[in-house]
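Each remark here refers to the structure printed beneath this line.
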Amino acid sequence: MEPLPLVLTPPRGRAKPPRHLADLTLAERQDAAKELGLPAFRAKQLSTHYFERLVDDPEQMTDLPAAQRAELVAGFLPRLIDPIRTLEADRGTTRKTLWRLFDAALVESVLMRYPDRVTMCVSSQAGCGMACPFCATGQGGLQRNMSTAEIVEQVVAGARSLARGEVPGGPGRVSNVVFMGMGEPLANYKAVVGAVRRLTSPAPEGLGMSARGITVSTVGLVPRIRQLAEEGIPVTLALSLHAPDDELRNELVPINTRFSVAETVEAAWDYARTTKRRVSIEYAMMRDINDQAWRADLLADVLNGYGAVPDGAGGRRRQGWVHVNLIPLNAVPGSRFTRSREADMDEFMRRLNARGISTTMRDTRGSDIDAACGQLAANAD
Ligand code: SAH
């Protein structure tokens, strides 16, 4: 007889999060209900509670027979993310939540309410394996991929607090989701695409959001960018470029040693062409590192190398295929990277705009609660 394994709990990072209805399509939920010996229509009722009414207390699911409720909730709505702490800024309109996952991994999400929209910034991995030296998350390495439902739950939690009027400004809805929290979304491709499908499917299968309100941000995993273009879900692609030349980008975004600036920008251009969506180029402004005027000119040249289309009169016309977002660097404590001077950022932006590249400066909401881009590090203390 084989001896019993000594390790009774799976090694950290190996166990999978429990299955949740947000991991499944409506048809898969119906099959799963039947497997539990329950009528398929219960799957739809549960989905309505979860995605449409945003109910999380089983007691409120009064259309489910009390005898089946516990089984349905255990089978479809296991608790996946537990709030450990919420920090608020901007008079409560920016809220960062630290979540504990079933295996004690920690991730963060940020809700940002603006006059005309609410954006949820979500994590797609616990930690990140991309090791960008200026990013707080990148310093700790990757712990594990998140499941589709763990990703969706962050948005549903935000939707609940808005619907309940817990965010100043009255009851509201989540209009935008950006995959700009912890992790490299395209390194967790399947779960992220599943989450995008759940966010965009009409209720009660999903949250019924518009794909136009969703942005997937990536270091530039070229084969995955190409795959995403073929999914038929026109989300906005954000490419974290941060340098127009391989020499510097190899250092700032180490995956660049696998996929060069030219290959990466070409994949982004192909994404724009296939999906008809404008691509965002993210560029964190780092003092004396990537903020020189000549680099602005080079960035414009690199981006202007694409996007020219026939003008119908025998010539070529430039299409505004990209938008550059300059992000004032949120300095990570102990890091040698610091934020650019105002004058250098202004000049950088001016040069890009002058060369026909539409460019704006990203606001740094949440930086005082370590909730701005690149600051999410999930410290429990
Ligand atoms: N892995 C994805 C999502 C990460 S975070 C990606 O790299 O795109 C979203 C954006 O914040 C990325 O553009 C990332 O480069 C940027 N970022 C990381 N650290 C930052 C910092 N300290 N200050 C400003 N932006 C930062």
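Of the residues Asn250, Asn256, which is touching a residue at least 12 places away in the same chain (Cβ under 8 Å) and assigned by TED's automatic domain parsing to the domain that holds Ser124?
Values: Asn250 fails: touching a residue at least 12 places away in the same chain (Cβ under 8 Å).
Result: Asn256 is the single residue among Asn250, Asn256 that is touching a residue at least 12 places away in the same chain (Cβ under 8 Å) and assigned by TED's automatic domain parsing to the domain that holds Ser124.
Looking only at residues that are assigned to a helix (DSSP H, G or I) and touching a Lys or Arg at 6+ places or on another chain (Cβ under 8 Å) in region 76-108, which one is surrounded by the most Cβ atoms within 10 Å (Cβ to Cβ)?
Among them, the one singled out is Phe76.
With the structure loaded, tell me whether Gly141 is in contact (Cβ under 8 Å) with a residue 12 or more places away in the chain and surrounded by fewer than 19 Cβ atoms within 10 Å (Cβ to Cβ) or whether it fails that test.
So Gly141 passes the test.
Out of curiosity, is Leu199 in the same structural domain as Ile151 (by TED's automatic domain parsing) and buried (at least 23 other Cβ atoms within 10 Å of the Cβ)?
yes
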Next item on the list: Determine which single condition Leu72 fails, assuming it passes every other condition in (1) in contact with a strand residue (DSSP E or B) (Cβ under 8 Å, 6 or more places away or on another chain); (2) at pLDDT below 95; (3) open to solvent by less than 100 Å² (accessible area, probe 1.4 Å); (4) not β-branched (Val, Ile, Thr).
Entry: (1)
Margin query: Any residue that is at pLDDT 95 or above and crowded, with 16+ Cβ neighbours inside 10 Å - is there at least one of those in region 51-68?
Written below: yes
Margin query: Given the criteria out of contact with any strand residue (DSSP E or B) (no Cβ under 7 Å at 6 or more places or on another chain), over 23 Å from Pro333 (Cβ atoms), touching a residue at least 24 places away in the same chain (Cβ under 8 Å) and open to solvent by less than 40 Å² (accessible area, probe 1.4 Å), does Ile214 qualify?
Written below: no
Item checked: Selection status of Phe134, within 16 Å of the ligand (Cβ to nearest atom) and more than 27 Å from Ala203 (Cα to Cα) -> yes
Notebook entry, point to check: If you go through region 321-342, how many residues are open to solvent by less than 80 Å² (accessible area, probe 1.4 Å), within 16 Å of the ligand (Cβ to nearest atom) and in contact (Cβ under 8 Å) with a residue 40 or more places away in the chain?
Noted result: 14
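Select from region 220-242 the residues that are within 11 Å of the ligand (Cβ to nearest atom) and in contact with a Leu (Cβ under 8 Å, 6 or more places away or on another chain) and write down the one among them that is nearest to Thr200 (Cα to Cα). Break it down stepwise before answering.
Restricting attention to region 220-242, the residues satisfying the condition of being within 11 Å of the ligand (Cβ to nearest atom) are 220-221, 237-242.
Right, trim to in contact with a Leu (Cβ under 8 Å, 6 or more places away or on another chain) and you get 220-221, 237, 241-242.
On the way: Gly220: 23, Leu221: 23, Leu237: 16, Leu241: 27, His242: 30 Å.
Out of the qualifying residues, it is Leu237.
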Margin query: I need the full set of residues from region 296-320 which are open to solvent by less than 40 Å² (accessible area, probe 1.4 Å) and out of contact with any Leu (no Cβ under 8 Å at 6 or more places or on another chain), in order please.
Written below: Asp297, Val302, Leu303, Asn304, Gly307, Ala308, Val309, Gly315
Item checked: Test set (1) more than 10 Å from the ligand (Cβ to nearest atom); (2) under 19 Å from Asp301 (Cα atoms); (3) open to solvent by 10 Å² or more (accessible area, probe 1.4 Å) - Met345 fails condition number -> (3)
Margin query: Whether any residue in region 300-318 is under 30 Å from Thr94 (Cβ atoms), modelled with pLDDT of 95 or more and not in a strand (DSSP E or B) is what I want to check.
Written below: no
Margin query: So in region 137-153, with the set limited to residues that are polar (S, T, N, Q) and not in a loop (DSSP other than H, G, I, E, B), which one is nearest to the ligand (Cβ to nearest atom)?
Written below: Thr137
Notebook entry, point to check: How many residues does region 154-187 contain that are in a helix (DSSP H, G or I) and more than 10 Å from the ligand (Cβ to nearest atom)?
Noted result: 10
Check: Can you tell me which residue in region 98-131 is nearest to Ala377 (Cα to Cα), limited to those that are within 16 Å of the ligand (Cβ to nearest atom) and of a type in the set (Gly, Ala, Ser)?
Finding: Gly127
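The values are calculated or read from the model by the stated rules, or taken from the named source; none is laboratory data. Being a predicted model, the structure only gives us computed values, none of them experimental. Cβ: placed from backbone, ideal geometry, glycine included. Neighbour counts: every protein chain shown. SASA here: full protein model, heavy atoms, side chains in, ligands and nucleic acids out. Shrake-Rupley method; radii C 1.70, N 1.55, O 1.52, S 1.80 Å.
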